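Participant: Structure below; questions to follow.
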Amino acid sequence: MNNKKDIIILGIESSCDDTSAAVIKNGVLLSNIIASQKVHEAYGGVVPELASRAHQQNIVPVVDQALKQANVNRDEISAVAFTRGPGLLGSLLVGTSFAKGFSLACGIPLIEINHLQGHVLAHYIQEEGVEFREPKFPHLCLLVSGGNSQIILVRDHLKMEVIGQTIDDAAGEAFDKCAKVMGMPYPGGPLIDKLAKEGNPDAFEFAKPRIKDLDYSFSGLKTSFLYFLRDRLKENENFIEENQRDLCASLQKTIIDILMHKLVKAARQTGISEITIGGGVSANSGLQNAMKKEAQKRNWNIYIPKFAFTMDNAAMIAITGYYKFQKNQFAKQDVVPFARMNIND
Ligand code: KG4
């Protein structure tokens, strides 16, 4: 039952290759269904047209399951929140169109969500029976995924500022592209993480970029990794197989060192010690350990999302919708998705 004071948000996420729907009631998660698309594995990356088609197939069953699991009827929902971008346009169109139709059919407000804000606010999702630690404002968020590597100054739930970002590849791209060079399947990040646990992180050294301020660069690392392997393979054609674990551990250590160096700098510059991480790469065990180490050393309060909230998910879209709902920030029916968006768009 929805007694009028309850705020129940249906969230829809379809920015890349995960179709997801979630229900949040008064900030507490009731369901979060994610249908991942296996079809891309054979291609070494996400194929946009296949992703759009899979979203089209998945969206209705996924929403249906999310409502059933939450035990919520359509007429109890206060608003529907959807990812407007950034992401693949064809994929975004599926979620956007579904949300528009749902809002019209149920006569409820439509809320557009910036996917990046969603990753940042994933830390505000409450779950029944799970201890809730809420990051205080202002805090810093290291947002690291397949499409982004940013340091965000978070002033409020809906007020954020990018203070550092990659000038070329994202950290997730560095994991995935280097994995591809080693002949591993897509996405390579989780596999590198797994193999790195059994390797020596100091076995090989790769060049780290010198980029000004709080910005990142990962394209040089990818190139240096490629040339390094090319030279070693000339001497020994089995070099990758024989050194896979050490290669993964050394590469992962380099990426983490690059990420942490600028995060430490950002914390020092801003004087902020309340620090969160988010995005797909925040699932990396090496990065999580590095965060814990720095937290001890520098007296940081850190917040690491649970695994289901590191990847693309509609729970983070619903929680962001929950905050926008309370500020009456609604979208019109002529809203269109955008492939590119900044944190405050
Ligand atoms: O946020 P996300 O699910 O989606 C997009 O960016 O669209 O992030 C996906 C990225 C991929 O690059 C993937 O390789 C990386 O996150 N990733 C990881 C790990 N799990 C996912 N990278 C390193 N270690 C992991 N455990």
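Participant: Taking 8 Å as the Cα distance limit and 6 or more residues as the minimum spacing, I'd like the relative contact order of the chain as a percentage.
Facilitator: 25 percent
Participant: If you don't mind, another one. Once you mark the trypsin sites (Lys or Arg not before Pro) that are in a DSSP loop and have at most 16 other Cβ atoms within 10 Å, what is the longest gap between them in the chain?
Facilitator: 6-132
Participant: Can you list residues from other chains, or at least 5 along the same chain, whose modelled amide H is less than 5 Å from the amide H of L30?
Facilitator: For L30, the qualifying residues are V23, I24, K25.
Participant: Let me ask something else. With every protein chain kept in the model, how would you rank H261, H115 by accessible area, 1.4 Å probe, largest at the top?
Facilitator: The ordering from most to least exposed comes out as H261, H115.
Participant: Once label points are set 7 Å from the Cα along Cα→Cβ at both Q57 and F132, what is their separation, rounded to one decimal in nm?
Facilitator: Placing both labels 7 Å along Cα→Cβ, they lie 3.8 nm apart.
Participant: Dividing the convex hull volume of the Cα atoms of the stretch 83-201 by its residue count, what figure in Å³ per residue is obtained?
Facilitator: Measuring per residue, one finds 185 Å³ for the Cα hull of the stretch 83-201.
Participant: While we're looking at this one, here's another question. For the stretch 139-305, take the convex hull of the Cα atoms, compute a quarter of its surface area, and give me that in nm², please.
Facilitator: 9.4 nm²
Participant: Could you tell me what fraction of 2.2 N^0.38 Å the Cα radius of gyration of the chain comes to, as a two-decimal ratio? Show your work: numbers first, answer last.
Facilitator: Values: Rg = 20.5 Å, N = 345, 2.2 N^0.38 = 20.3 Å.
Ratio of Rg to 2.2 N^0.38 Å for the chain: 1.01.
Participant: Among the lysines, select those whose C-alpha is under 27 Å from the C-alpha of K159, and discard any that sit fewer than 8 residues away in the same chain.
Facilitator: Cα-Cα hits under 27 Å: K5, K25, K100, K136, K212, K262, K265, K292, K306, K324, K327, K332.
Participant: Okay, next question. Quick check for you: which residues of the stretch 147-165 have the amide N under 12 Å from the point 7 Å beyond the Cα of M260 toward its beta carbon?
Facilitator: Residues passing the 12 Å test: none.
Participant: Here's another thing I want to ask about it. Do any GluC sites (Glu not before Pro) in the stretch 171-223 lie in a DSSP loop with no more than 15 other beta carbon atoms within 10 Å, and if so, which?
Facilitator: When the GluC sites (Glu not before Pro) of the stretch 171-223 are filtered for loop state and at most 15 Cβ neighbours within 10 Å, E198, E205 remain.
Participant: Just need the Rg to Rh number for the stretch 171-258, please, alpha carbons only, Kirkwood Rh.
Facilitator: 0.95
Participant: Would you kindly derive the ³J(HN,Hα) couplings of the stretch 100-106 from the backbone phi angles with the Karplus curve 6.51 cos²θ - 1.76 cosθ + 1.60 (θ = phi - 60°), listing them in order in whole Hz, with x for Gly and Pro?
Facilitator: Listing the rounded values in order: 4, x, 5, 5, 5, 5, 9 Hz.
Participant: Right, something else. N342 to K5: FRET efficiency via 1/(1 + (r/R0)^6), r the Cβ-Cβ distance, R0 25 Å, to the nearest 0.05?
Facilitator: Approximately 0.15, to the nearest 0.05.
The values are calculated or read from the model by the stated rules, or taken from the named source; none is laboratory data. Given the structure is predicted, the values throughout are model-derived calculations rather than measurements. All Cβ positions, glycine included, derive from the backbone under ideal geometry; neighbour counts span all protein chains shown. The accessibility values were calculated without ligands, DNA or RNA, using every heavy atom of the protein model including side chains. Shrake-Rupley method; radii C 1.70, N 1.55, O 1.52, S 1.80 Å.
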